[in-house]
Amino acid sequence: MKLPDITAHTGCMGTPDNTLESSLAGIKAGAGLIEVDIQSTRDGIAFLFHDELPIFLTSTFSELNHPELRQSLSPIYKDRELVTLEQLFEATMGTDIRYNLDLKTEEAAFPAIEVMELMGMTQRVFFTGNTQTIEHYRNRVVWNTPEEWGASLWMKNRELVKQKCDNLAQKGYFGLNMDYRTCCQELVDYAHEIGLAVWVYTVDDPANQKNIIQMGVDAITTRQVDTLRTLLEV
């Protein structure tokens, strides 16, 4: 059985979310991918942040990164600056790490793609989240499945799920990105049958990690990178 890739969820290993410390901690702990949340500013700068706030639509990155304003966004920015996607790539491109860019808004897609292309990172980047506007890089999109795509829906309406999977495969999408609680063996097997990868998130408990590994998924997102790595090494 092929072992899944480890994706370090932002904030892994006890670090603050969407910081360089978090990404570097994930790399050090042995992840193959790092996940970060991507927002964009009024002047088209892609940066790392989870929550969608109205101020992002009216502020430049320089304005947001002013010490007083950024502290109002989160206490973690008292002693650190907001991180741009360009800065993340610069800090980690010397490694062989790959990236899961979780687009929190549709507007974040173009600034993220622009940085990716300018820095030559296309083959190392995947997109999850709000990917509706991405067309030319569908082969880098891991499509977020809806919450109702659990085992219950698969059991009740296999054909509906199969049709959606078939449509994604025909359009050239890379795969499915799903909450581990909605993942089931039959869906994993069918996705693989038609050429779609299956990624699951966010699996921190070792017992759940073991179950998901046995399903043969392609990547597991976790904050506990070391725990998952240890299970995969047994």
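The values are calculated or read from the model by the stated rules, or taken from the named source; none is laboratory data. All figures in this text were calculated on a predicted structure; none of them were measured in a lab. So basically every Cβ, Gly included, is an ideal-geometry build from the backbone, and we count neighbours across all protein chains shown.
To keep it simple, each residue is scored yes or no on (1) of a type in the set (Asp, Glu); (2) touching a residue at least 60 places away in the same chain (Cβ under 8 Å); (3) in contact with a helix residue (DSSP H, G or I) (Cβ under 9 Å, 6 or more places away or on another chain).
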site	(1), (2), (3)
ILE34	no, yes, yes
ARG42	no, no, yes
ALA46	no, yes, yes
ASP51	yes, no, yes
PHE56	no, no, yes
PHE61	no, no, no
ARG70	no, no, yes
TYR77	no, no, yes
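What's the total number of residues in segment 122-141 that are part of a loop (DSSP other than H, G, I, E, B) and surrounded by fewer than 18 Cβ atoms within 10 Å (Cβ to Cβ)? Can you show your working first?
Our first condition is that a residue be part of a loop (DSSP other than H, G, I, E, B); within segment 122-141, this holds for 130-137.
From what is left, the residues that are surrounded by fewer than 18 Cβ atoms within 10 Å (Cβ to Cβ) are 132-133, 135-136.
Here the count works out to 4.
Applying the set (1) surrounded by 14 or more Cβ atoms within 10 Å (Cβ to Cβ); (2) hydrophobic (A, V, I, L, M, F, W, C); (3) not in a loop (DSSP other than H, G, I, E, B) to ALA31 leaves exactly one unmet item: (3). Inspect segment 164-172 for any residue being farther than 28 Å from ASP51 by Cα, at pLDDT 95 or above and hydrophobic (A, V, I, L, M, F, W, C) and give the result as yes or no. Checked segment 164-172: at least one residue is farther than 28 Å from ASP51 by Cα, at pLDDT 95 or above and hydrophobic (A, V, I, L, M, F, W, C). Summed over segment 167-208, the residues that are assigned to a loop (DSSP other than H, G, I, E, B) and either of a type in the set (Val, Ile, Thr) or under 16 Å from the mean Cα position of the chain (by Cα) (or both) give a count of 6. Quick one: in segment 164-202, of everything that is within 27 Å of ALA109 (Cα to Cα), aliphatic (A, V, I, L, M) and in contact with a strand residue (DSSP E or B) (Cβ under 6 Å, 6 or more places away or on another chain), which residue is surrounded by the fewest Cβ atoms within 10 Å (Cβ to Cβ)? Out of the qualifying residues, it is ALA197. The residue that is modelled with the lowest pLDDT, counting only those in segment 70-98 that are aliphatic (A, V, I, L, M) and either exposed (fewer than 15 other Cβ atoms within 10 Å of the Cβ) or not in a helix (DSSP H, G or I) (or both), is MET93.
Checking each residue in segment 142-158 for being under 18 Å from TYR201 (Cβ atoms) and either assigned to a loop (DSSP other than H, G, I, E, B) or in contact with a strand residue (DSSP E or B) (Cβ under 7 Å, 6 or more places away or on another chain) (or both) picks out VAL142, TRP143, ASN144, THR145, PRO146, GLU147, GLU148, TRP149, GLY150.
Among the residues examined, THR221 does not qualify as hydroxyl-bearing (Ser, Thr, Tyr) and either assigned to a helix (DSSP H, G or I) or farther than 19 Å from GLU147 by Cβ (or both). When ALA112 is tested against (1) of a type in the set (A, V, I, L, M); (2) within 18 Å of the chain's Cα centre (by Cα); (3) over 21 Å from GLY11 (Cα atoms); (4) part of a helix (DSSP H, G or I), just one condition goes unmet, and that condition is (3).
Of all residues in segment 209-234, those that are under 18 Å from LEU176 (Cβ atoms) have Cβ atoms under 9 Å from Cβ atoms of residues that are assigned to a strand (DSSP E or B) and of a type in the set (D, E, K, R), 6 or more apart or on another chain, in ASP218/ASP5; ALA219/ASP5; ILE220/ASP5; THR221/GLU35.
Here VAL161 passes the criteria (1) of a type outside the set (Lys, Arg); (2) in contact with a helix residue (DSSP H, G or I) (Cβ under 6 Å, 6 or more places away or on another chain); (3) surrounded by 15 or more Cβ atoms within 10 Å (Cβ to Cβ); (4) in a loop (DSSP other than H, G, I, E, B) except the one numbered (4). Looking at ILE45, is it in contact with a strand residue (DSSP E or B) (Cβ under 7 Å, 6 or more places away or on another chain) and either within 24 Å of THR222 (Cα to Cα) or surrounded by 18 or more Cβ atoms within 10 Å (Cβ to Cβ) (or both)? Here the answer is yes, as ILE45 does meet what is asked. Selection of segment 144-166 for residues being of a type in the set (S, T, N, Q), under 22 Å from ILE134 (Cα atoms) and more than 20 Å from the chain's Cα centre (by Cα) yields only GLN163.
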